[in-house]
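Working notes, structure below.
The values are calculated or read from the model by the stated rules, or taken from the named source; none is laboratory data. Model, not experiment: these values are computed from the prediction. In this analysis, Cβ positions are derived from the backbone assuming ideal geometry, glycine residues included, and neighbour counts consider all displayed protein chains.
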Amino acid sequence: MLTALFAAAALVAGSTADGAPRPSAIFAFEDSPSGFQLVRLAPSTLAETGHADPTDLYPGSYAYSPDRTGLAVAGFGHISFIDSRSVRETGRLPVNPGGGRTLWPRPRVVLAMGLRVLVRIDPSLPRVVQTWPIEPLWFSTFAGDHIVGIVRPPYEDSPIILGDPIRFRFLSSSGPQGLVRLERMRLAFEDWRVSPGAILPPLASEGVALAQADLSERKSIPPGEIAAVSVVPYEVLNGIAGPGGYQIVLSARSEYFSYVARVDGAGGISAQFLSQLPGAPGPSDHDILHAPIGTWEVSGLLWAVDQTRQRAYAITGESVFADVDLRKGQVRLRPLARKVGALGWQPAFLGSGTIALPTSPVTLLDVRSARLRRLRIDGPRFGQQPQFEIARAGRRFIIYRLTSGMKLIDMRGRVVHRFLTWKYVDSVQVGGRYAYATFFDDGQTMIGVIDLRQERMVRTVRPAHKLYLLPAWSGF
């Protein structure tokens, strides 16, 4: 959600004695009546210390150079390169990532990933070095100059057909790399583990039962003579009537009948007769009725990334996560002792193999032992769906969008500090030693600047215009 604070603070020029970057400035887009303006701000006060000349930039895909002295920003149909010290444009190329990612992993390597293209750029010239066609990806993430994502099902024609084994595509600064197909994990409509006594997940089973009852009444056929032949999950993007459901084929007395079972916005399901088919449907990878026993079906995944080791962890709501080695292009499924449950927005990798999961209550996942530990930390939820969010703060994390304020929590699950009590905190992002919290006070949008080392609120700022702060590495 776009709020006064959209993304985390960015570290630019400057370093500590041990070579680690120190916060000397942050960048943001200021949304004024005249349009977006790229501005440089002091990290502890958010006072403006400079602004960029280009006026046709906007807060889209962007990336910082490894030494934080350069910034690549995707504009409308181009990428601009900004010197973060002078806040001046040093170059521009007619390259449009199209809402994808922009990475700057090495001084002379920028990667712009669009919907169907990956572009390598030398920012020192600047010029396009090479372009590769790629498949559209869902749920992508990165570490260094390595990118991984799920090959997106085609959805030029609605609905989006799901149910087939997940395919992870690897990309790098050398172009498209390997493709890994996971036979035991499928992208589907419900989170489910296929077992001998329960092939279909609950909504799919209910949809089949409703279709069988309708066909029995429609054709005066005893229910015992009606069998399900195939069940294919589908999804509708921005569906008004509902998010998706199942395409079902039934057989009775050597005839075949097509149904659709639609899930409504409240989670209910109904079945509708479509047509009688000329014959039996052929085998399909999308048919979850014939998924092998032990298959995990997942409705989505969230990434937690260890940038140092260049490993990514695909977290699902089921009893499994995927351990992805981005350097080697390898994926390993890691079973869990129990189902994770409904997930919120974004996990937080805390280091030492520990990930904080946005479940209700919050869960810690140890990726080394594949063990889950529930914390006594919770927040609002709608049904089973968490309505709160978490943000990484070094080896700790912050939980916000609570009924009151926000909490700083350590790796043991202990509440270290509470901030902004009795305020609703809508957004929290972290850059360097500071956390920036957007909250509302008497109808005004405010930003609280929190010093995480000293665990205290430094100041609150009421920006004259909306600020979309840019994080330290790369984002949208």
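Overview of values
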quantity	calculated
Within region 272-320, considering residues that are of a type in the set (A, V, I, L, M, F, W, C) and out of contact with any Phe, Trp or Tyr (no Cβ under 8 Å at 6 or more places or on another chain), the one farthest from G394 (Cα to Cα)	L289
Extreme residue, surrounded by the fewest Cβ atoms within 10 Å (Cβ to Cβ), among residues of region 273-314 that are under 19 Å from Y246 (Cβ atoms) and free of Cβ contacts under 8 Å to residues at least 24 places away in the same chain	G282
Every pair of residues 6+ apart whose Cβ atoms lie under 8 Å, when the first sits in region 405-424 and is over 16 Å from M457 (Cα atoms) while the second is among the basic types (K, R) and in a loop (DSSP other than H, G, I, E, B)	D410/R395; M411/R395; G413/R376
Filtered residues of region 357-382 (kept if of a type outside the set (A, V, I, L, M, F, W, C) and either within 15 Å of I409 (Cα to Cα) or surrounded by 15 or more Cβ atoms within 10 Å (Cβ to Cβ) (or both))	P358, T359, S360, P361, T363, R373, R374, R376, D378, G379, R381
S158 hydroxyl-bearing (S, T, Y), free of Cβ contacts under 8 Å to residues at least 40 places away in the same chain and not in a strand (DSSP E or B)	no
Which listed residue, of V110, V151, V129, is without any contact (Cβ under 8 Å) to a residue 24 or more places away in the chain and either out of contact with any Gly (no Cβ under 7 Å at 6 or more places or on another chain) or surrounded by 15 or more Cβ atoms within 10 Å (Cβ to Cβ) (or both)	V129
Residue check, V340 touching a Phe, Trp or Tyr at 6+ places or on another chain (Cβ under 7 Å) and within 21 Å of M185 (Cβ to Cβ)	no
Hey, R184 basic (K, R), closer than 17 Å to P233 by Cα and at pLDDT 95 or above or not	yes
Residues of region 173-206 satisfying the condition of being touching a Lys or Arg at 6+ places or on another chain (Cβ under 9 Å), polar (S, T, N, Q) and in a strand (DSSP E or B)	Q177
Residue pairs meeting the criteria (Cβ under 7 Å; at least 6 apart or on separate chains; first touching a residue at least 12 places away in the same chain (Cβ under 8 Å), in region 257-270; second buried (at least 18 other Cβ atoms within 10 Å of the Cβ) and polar (S, T, N, Q))	V260/Q247
Which listed residue, of G413, G448, G394, G432, is more than 30 Å from D67 (Cβ to Cβ) and small (G, A, S)	G413
Residue in region 330-353 that is modelled with the highest pLDDT, counting only those that are assigned to a strand (DSSP E or B) and crowded, with 19+ Cβ neighbours inside 10 Å	V331
Matching residues in region 376-397 - criterion: being touching a residue at least 12 places away in the same chain (Cβ under 8 Å) and part of a strand (DSSP E or B)	R381, Q385, P386, E389, I390, A391, R392, A393, R396, F397
Criterion (more than 24 Å from the chain's Cα centre (by Cα), of a type in the set (V, I, T), surrounded by fewer than 22 Cβ atoms within 10 Å (Cβ to Cβ) and outside any strand (DSSP E or B)) met by exactly one of T421, T445	T421
Whichever residue in region 208-243 is in a loop (DSSP other than H, G, I, E, B) and surrounded by 16 or more Cβ atoms within 10 Å (Cβ to Cβ) and, among such residues, is modelled with the lowest pLDDT	G239
